[in-house]
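The values are calculated or read from the model by the stated rules, or taken from the named source; none is laboratory data. Since the model is a prediction, treat every value here as computed from it, not as a measurement. Using ideal geometry, Cβ is built from the backbone for each residue, glycine included, and neighbour counts are taken over all protein chains shown.
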Amino acid sequence: MSVTIIGSGNMARGIGTRLVAGGNSIRILDRDPEKASALAGELEANAQNGVTVNAGSIGDSIEGDVVVLAVPYEAVEPIAGQYTSELSDKVVVDITNPVDWQSFDRLVTPPDSSAAEEISRLLPDAAVVKAFNTTFAGTLVAGEVTGQPLDVFVAADDPNAKETVVRLVEAGGLRAVDAGPLRRARQLEGLGFLGITLQQPLGLGFSSAWKLIA
Ligand SMILES: NC(=O)c1ccc[n+]([C@@H]2O[C@H](COP(=O)([O-])OP(=O)(O)OC[C@H]3O[C@@H](n4cnc5c(N)ncnc54)[C@H](OP(=O)(O)O)[C@@H]3O)[C@@H](O)[C@H]2O)c1
């Protein structure tokens, strides 16, 4: 499969690593094309035969049927505006944690909504899937914590889009957990925020992960 990642920061590296490990070709777009190229080169160095990684600028065309928005929540609205028609038939993966960084005490989204639902309103013809917001970037590069594969909680209303993301997660060596409809993103974003707030007090250094065990 071919996947476009918008953004070339820590999460683009983590998710890109897992996608390439799963045999997917990727395209990385950043507002700074040099940053996109640098990450593409890094990821391509570990790619198996037949997997390609290319780079461009935000505004360039998208490749493939899946697009990962690996940018801060605040950056999504202009990007969605720029790509509304191109994203209309795509699976759009929302990984954001819409934290109010000033207060570090709340999310910026309305209490009866989530970043994923707000993005779905911005892109009504896209199939928005919430995933990867509870997995820290460094743990995605490793693919595991203490030898256990990461759990990636996936929420979406479109069953085909959800299945596509589940397959990508599993191909990358991670465990996908079907978290239900897109509105479960409210709880997932709360969980992501809780995980962030626990790092400093518990001295976890962003190397922890949420895992469902039974
Ligand atoms: N880090 C984690 O462990 C983690 C875990 C779960 C979810 N997330 C979520 O993942 C998303 C990305 O986080 P990250 O850690 O990868 O951040 P990051 O390392 O700071 O990278 C952010 C990326 O977004 C781009 N960007 C920032 N502002 C932009 C704007 N206004 N317009 C266009 N592009 C912009 C940056 O471009 P430049 O390089 O040009 O600045 C960079 O490529 C966030 O929504 C975050 O909540 C992060």
**Q.** Hits in region 59-80 - residues which are in contact (Cβ under 8 Å) with a residue 60 or more places away in the chain and not small (Gly, Ala, Ser)
**A.** Glu63, Asp65, Val66, Val67, Val68, Leu69, Val71, Ile79
Q | Residue under evaluation Gln148, criteria (1) touching a residue at least 12 places away in the same chain (Cβ under 8 Å); (2) within 15 Å of the ligand (Cβ to nearest atom); (3) out of contact with any helix residue (DSSP H, G or I) (no Cβ under 7 Å at 6 or more places or on another chain), criterion not met | A | (2)
Q: Take region 152-198 and flag every residue that is part of a helix (DSSP H, G or I), within 16 Å of Ala115 (Cα to Cα) and small (Gly, Ala, Ser).
A: Ala185, Gly190, Gly192
Q: Considering only region 160-196, state which residues are more than 24 Å from Asp89 (Cβ to Cβ) and either free of Cβ contacts under 8 Å to residues at least 12 places away in the same chain or touching an Asp or Glu at 6+ places or on another chain (Cβ under 9 Å) (or both).
A: Gly173, Leu174, Arg175, Val177, Arg186, Gln187, Leu194
Q. Restricting the search to region 61-91, which residues are outside any loop (DSSP other than H, G, I, E, B) and away from the ligand (no atom under 13 Å from the Cβ)?
A. Val66, Val67, Val91
Q: Go through region 2-44 and give me each residue that's at positive phi and either touching a Gly at 6+ places or on another chain (Cβ under 9 Å) or among the β-branched types (Val, Ile, Thr) (or both).
A: Gly23
Q) Which ones in region 112-142 are over 16 Å from Tyr73 (Cβ atoms), over 14 Å from the mean Cα position of the chain (by Cα) and within 15 Å of the ligand (Cβ to nearest atom)? A) Ala142
Q) Can you find even one residue in region 100-116 that is crowded, with 24+ Cβ neighbours inside 10 Å, assigned to a helix (DSSP H, G or I), touching a Phe, Trp or Tyr at 6+ places or on another chain (Cβ under 7 Å) and hydrophobic (A, V, I, L, M, F, W, C)? A) yes
Q) When you go through Val20, Val3 one by one, which is the residue that is in a helix (DSSP H, G or I), more than 14 Å from the ligand (Cβ to nearest atom) and in contact with a helix residue (DSSP H, G or I) (Cβ under 6 Å, 6 or more places away or on another chain)? A) Val20
Q. Do we have any residue at all in region 51-59 that's of a type in the set (Val, Ile, Thr), at pLDDT 95 or above and within 18 Å of Pro78 (Cβ to Cβ)?
A. yes
Q) Do you know which residues across region 35-60 are away from the ligand (no atom under 16 Å from the Cβ) and part of a loop (DSSP other than H, G, I, E, B)? A) Ala45, Asn46, Ala47, Gln48, Asn49, Gly50, Val51, Thr52
Q) So Val141 fits all but one of (1) assigned to a helix (DSSP H, G or I); (2) surrounded by fewer than 24 Cβ atoms within 10 Å (Cβ to Cβ); (3) out of contact with any helix residue (DSSP H, G or I) (no Cβ under 6 Å at 6 or more places or on another chain); what number is the exception? A) (3)
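Condition (residue is modelled with pLDDT of 95 or more and touching a Pro at 6+ places or on another chain (Cβ under 7 Å)) applied to region 11-18: is it met by at least one residue? Give the steps one after another, and end with the answer.
In the first step, residues of region 11-18 are kept if they are modelled with pLDDT of 95 or more; the result is 11-18.
Still in the list and also touching a Pro at 6+ places or on another chain (Cβ under 7 Å): none.
For region 11-18, residues modelled with pLDDT of 95 or more and touching a Pro at 6+ places or on another chain (Cβ under 7 Å): absent.
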